[in-house]
Every structure is written in C-alpha cells, then in structure tokens.
C-alpha cells in the first residue's frame, strides 16, 4: 500500500502539470509546498468580480474553493484549493476549462 503522503504528492504534481497544459490564460497557479494551491485571477478588468464568479461556478459544480479576499495581502484576486486525489483535481481542471469556454 502506497503512503498517503506519496499519493498526495503525486496528485499535486499531476494537478500542476494538467493546470499548465489546460491553458487557462486568466488564471495563474502559484507554487506551494503545502497541500493547498493558490490560484490568482490575472485576466479581465475586475479580478475581484471574476474571482467571485469562478468560486460561485465551481460551487455549483460541487467543487469547494476558498475565497482569499479576507486574507491579509491576498485581497481581491486569489482563491485557494485543497490538493486532493487525482480524480478531484482533474474535475477542478475540467470545470475551469468549461467555465473558460462559456461566453461572457
């Protein structure tokens, strides 16, 4: 049986790789040593509004994302996701891809 920490690290690495390959130009994944990933909304004219729309959409898909607007230094354009199993992380990427393809 593989160590849970090893499985988490594998899932994290796969998520980072898939995120880059997903070509999500309005989002930036910031490096992390912990089991959370910080995502910055970089595109559009109002990142705060975009972040709230993304969080709302993901919530409707059953994907929970932490709004970081009340974290000192992360106001306005950041959200945090927990690194989970590979299937959950793939679902997050697919939801972000789908959201990107919806006309605004």
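No lab work stands behind these numbers, since they all come straight from the coordinates. These numbers were taken from a predicted model, which means no experiment stands behind them. Positions of Cβ are generated from backbone atoms using ideal geometry, with glycine treated the same way; all protein chains shown enter the neighbour counts.
Taking 7 Å steps out from each Cα toward its Cβ at residue 94 and residue 56 produces label points 2.5 nm apart.
Multiplying the residue separation of residue 75 and residue 47 by 0.36 nm and removing their Cα-Cα distance gives an extension gain of 9.1 nm. Mean separation of Cα pairs under 8 Å and 6 or more residues apart, divided by the residue count, gives the chain a relative contact order of 30 percent. What residues of the stretch 11-40 lie in the reach of a label at residue 63, counting those whose backbone N is under 11 Å from a point 7 Å from the Cα along Cα→Cβ? Those under the cut-off are 19. Ranked by how many other Cβ atoms sit within 10 Å of their own Cβ, fewest first, the residues 39, 55, 93, 102 fall in the order 102, 93, 55, 39. Taking only the C-alpha atoms of the chain, the Rg (one decimal) and the largest Cα-Cα distance, Dmax (whole number), read 13.6, 48 Å. With a Förster radius of 25 Å applied to the C-beta separation of residue 33 and residue 10, the computed FRET efficiency comes to 0.95.
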